[in-house]
1. If I ask for residues that are part of a helix (DSSP H, G or I), within 26 Å of Ala145 (Cα to Cα) and polar (S, T, N, Q), which ones from region 93-124 would you list?
2. Regarding Val81, is this residue among the β-branched types (Val, Ile, Thr) and under 30 Å from Cys136 (Cβ atoms)?
3. Residues being surrounded by 10 or more Cβ atoms within 10 Å (Cβ to Cβ) and outside any helix (DSSP H, G or I): count how many of those fall in region 57-92.
Amino acid sequence: MRKPKKVREFDFRAQRDEPTSSSAAKKLRDRREADAAMTATKGLDHMAQKNRHPVIDWNRMTDRQRQMKARAENLTAQIAVDQHREHDRANKALFASLESVLAQLAGTPKAVEFFRLFSETATLANAKRIANHPDCPSVVRDEIAQRIEKTAATRGNEGVARAALGKSDHAGED
């Protein structure tokens, strides 16, 4: 046999603004939402009130607190040094295998892409050095020369690109 459903009675106190458990909670929630909206519109002005103390008052630290701060700074610095060492080790590992990778790529389309990517992201001075590498394909050398000529043209130094790559300005002298 089923239990009859309870019929919810209408609460007349809620209409008269008398606090009931549900209406009081709703008003409190509405007040909080209004306060949150007001704080969001104030932004940093809310934090710059006269009687508000900073989270950490650096001028009122005890000796023990200063020591704790110094330890934290030393730990942070040590983490940065460790991460830098690991990064350097990874770069050295890549560089150690670079020559063998270049030897495997020699004469393939991948070698052209390899040198092209390096030369496109390199500075102009480093691009010139990349073009002078013995394994650099001539297609990439020409692209680098065009890049140098384009840069020289904007600066007013035409004819510098070929000389920078060890080539003459005259076509018949190659």
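1. Gln104, Ser119, Thr121
2. Answer is no for this residue.
3. The number of residues fulfilling the criteria is 1.
Computed from the coordinates by the stated procedures, all read-outs in this text should not be read as laboratory data. Computed from a predicted structure; not experimentally measured. Every residue, glycine among them, receives a Cβ derived from its backbone with ideal geometry; neighbour counts consider all protein chains shown.
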